[in-house]
Amino acid sequence: MIAGAAIGVDLGGTNCRAALVASAGRIGGVLRMPTRMADGYNALLANLAGLCGQLLDDSLTRGLRVSAVVMGAPGIITQDGRVLVSPNLSELNGKALATDLGNQLNLPTRVINDANAIGWGEALFGAGRNFSSFLTVTLGTGVGGALVLDRRIWTGADGAAGEIGHLTVTPDGRPCGCGSRGCLEQYASASGIVLGVRERLATGQKSLLAEVDGADLTSFKVAEAARRGDSLALAVFEEAGRALGLALAGVANLLNLDGVVVTGGASESFDLMLPMVKEEIRQRAFEVPGKRLRIVRGELGDDAGILGAAGMALQ
Ligand SMILES: [Zn+2]
């Protein structure tokens, strides 16, 4: 019997990952390759085509018919899969990525924003499956976001919606890579947490982290110190939680969502932020949407983007 499947691809700044996905979830393992953007756009297309080719071979042995390839990529992506602007992979700016990859594969090919792929993965297969409308917040090097409204991804007029990480939480706060200042990302991301520690250490505050070598200072080290009761580390997570809670209180009032799904590498230490997140929502949001908003952890980890991308084709 020939059953339907799609190939989901997650294009990141460092690595690219892909897998076969059917309506019940992922089939087989995840293939990986380094992105190596320095080799140029054509080399990237050839490598992506090679990766998808391996999965197409695999689909034949499994008796699956692949209907499409959908790739999540960082940046603002148009409906027809052109990259308007990609801050982390600027070599892709202006490229018709979906058309160019589709020409190599001879299969319908779509490209969507990577954060939206993660949000859609959680919507179909993960922590968002029982929510009608929710926000996914990805805590990593930066803070990403994806908005699902009435079981549809809300991309906005230009594909730029969902950027919770660049909501202002401190009007005159730390400068942000986006050109603004005081963005949520500068406080609640892994790099924001490290910045918070550096700022405090520079004022001479005592901490277990004072002995950690500059380059070794990661958000995981900060979380470790916080769990050992280090007051500086605890204060940094409190600051991160307050920033996230402030942003989410506004989101609750604006959209009255069912929930928030928190995911990403730095979400491992989300429990250290959660009390302040809840406190800010309690203090700032209207009671009804504030109480409605369930805050849960993502369930799919690194698979979310691949599953969500492929899921776009399987609907
Ligand atoms: Zn920003």
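The values are calculated or read from the model by the stated rules, or taken from the named source; none is laboratory data. Values in this document were obtained by computation on a predicted structure and should not be read as measured data. Counting neighbours? That spans all protein chains shown, and the Cβs are built from the backbone with ideal geometry, glycine included. Heads up: the accessible areas ignore ligands, DNA and RNA and are worked out on the full protein's heavy atoms, side chains in. Shrake-Rupley method; radii C 1.70, N 1.55, O 1.52, S 1.80 Å.
If you line up the long axis of helix 41-61 against the longest principal axis of the chain, both from Cα atoms, how many degrees apart are they, to the nearest 10?
70
Which residues in the stretch 119-140 have a backbone N closer than 20 Å to a point placed 7 Å from the Cα of Q315 along the Cα-to-Cβ line?
In the stretch 119-140, the label zone of Q315 (backbone N under 20 Å from the point 7 Å along Cα→Cβ) covers 119-138.
If you count, for each residue, the other Cβ atoms within 10 Å and average over each peptide, how do 273-284, 29-40, 255-266 line up from highest to lowest?
Numbers: 273-284: 17.9, 29-40: 13.4, 255-266: 21.8.
Per-residue mean Cβ counts within 10 Å order the peptides as 255-266, 273-284, 29-40.
What FRET efficiency do you get for D39 and N256 if R0 is 45 Å and r is their Cβ-Cβ distance, rounded to the nearest 0.05?
Numbers: r = 47 Å, r/R0 = 1.04.
Plugging the Cβ-Cβ distance into 1/(1 + (r/R0)^6) gives 0.45.
Taking a ≥ b ≥ c as the square roots of the eigenvalues of the Cα gyration tensor of the stretch 132-298, is the shape rounded (a/c under 1.5), prolate (a/b larger than b/c) or oblate? Intermediate results must be reported in sequence, preceding the final value.
Working: a/c = 2.02, a/b = 1.70, b/c = 1.19.
Judged from the Cα gyration tensor, the stretch 132-298 comes out prolate (a/c at least 1.5, a/b above b/c).
Where does the Debye-calculated log10 I(q)/I(0) of the chain sit at q = 0.06, 0.13, 0.15, 0.16 Å⁻¹, using only Cα point scatterers of equal weight, no solvent?
Each listed q maps to, in turn, -0.21, -0.94, -1.17, -1.27.
Express in whole angstrom the spacing between the alpha-carbon centres of the stretch 177-238 and the stretch 48-122.
36
Hey, what angle do you get for helix 114-125 against the long axis of the chain, alpha-carbon based, 0 to 90 degrees rounded to 10?
Approximately 80 degrees, to the nearest ten.
Rg/Rh for the stretch 115-179: what does it come to with C-alpha atoms and Rh from Kirkwood? Intermediate results must be reported in sequence, preceding the final value.
Values: Rg = 12.9 Å, Rh = 12.6 Å.
With Rg and the Kirkwood Rh in hand, the quotient comes to 1.03.
Please find the FRET efficiency linking R284 to S132, where r is the Cβ-Cβ separation and R0 is fixed at 35 Å, and quote it to the nearest 0.05. Before the final figure, lay out each step's value.
On the way: r = 23 Å, r/R0 = 0.67.
With a Förster radius of 35 Å, E is 0.90.
Quick one: which of 168-179, 126-137, 288-299, 222-233 comes out on top by average Cβ neighbours within 10 Å, and what's the full order, highest first? Provide the component values of the computation, followed by the final result.
On the way: 168-179: 13.7, 126-137: 22.2, 288-299: 16.6, 222-233: 18.6.
So the peptides 168-179, 126-137, 288-299, 222-233, ranked by packing, come out 126-137, 222-233, 288-299, 168-179.
With an 8 Å Cα cut-off and a minimum separation of 6 or more residues, compute the relative contact order for the stretch 1-105 in percent. Provide the component values of the computation, followed by the final result.
Numbers: 174 pairs, mean separation 29.7, N = 105.
Over the stretch 1-105, the number comes to 28 percent.
Find the relative contact order for the chain and round it to a whole percent, using C-alpha pairs within less than 8 Å whose residues are 6+ positions apart.
Normalised by residue count, the contact order of the chain is 21 percent.
If you line up the long axis of helix 190-202 against the longest principal axis of the chain, both from Cα atoms, how many degrees apart are they, to the nearest 10?
For helix 190-202, the angle is close to 30 degrees.
Can you give me the distance in nm between label points at A3 and R297, each placed 7 Å from the Cα along the Cα-to-Cβ direction?
Modelled inter-label distance: 3.0 nm.
At 0.36 nm per residue, and after removing the present C-alpha to C-alpha distance, how many nm does the segment from Q54 to T78 gain when stretched out fully? Provide the component values of the computation, followed by the final result.
Values: separation 24, 0.36 × 24 = 8.64 nm, distance 2.77 nm.
Length gained between Q54 and T78: 5.9 nm.
Can you compute the FRET efficiency between E211 and D172 using 1/(1 + (r/R0)^6), with r the Cβ-Cβ distance and R0 = 45 Å? Round to the nearest 0.05. Display every interim value, and only then the final one.
Numbers: r = 32 Å, r/R0 = 0.71.
About 0.90, to the nearest 0.05.
Considering Cα pairs under 8 angstrom that are at least six residues apart, work out the relative contact order of the stretch 132-298 and quote it in whole percent. Display every interim value, and only then the final one.
Values: 300 pairs, mean separation 39.5, N = 167.
Relative contact order comes out at 24 percent.
Using only DSSP helix segments of four residues or longer, with each worth -39500 (n - 2.57), what per-residue ellipticity at 222 nm results for the chain after dividing by its residue count and rounding to 500? Don't skip to the answer; put the middle values down first.
Values: 10 runs with 121 residues, N = 315.
Dividing the helical sum by the residues of the chain leaves -12000 deg cm²/dmol.
How big is the accessible area of T218 in square angstrom, nearest 10, if you roll a 1.4 angstrom probe over the protein chains?
Approximately 50 Å² for this residue.
Charges on Cβ only, +1 for Lys and Arg, -1 for Asp and Glu, centred on the Cα centroid of the stretch 229-293; of L272, L244, P289, which one is farthest towards the dipole's positive end?
Of the listed residues, the answer is P289.
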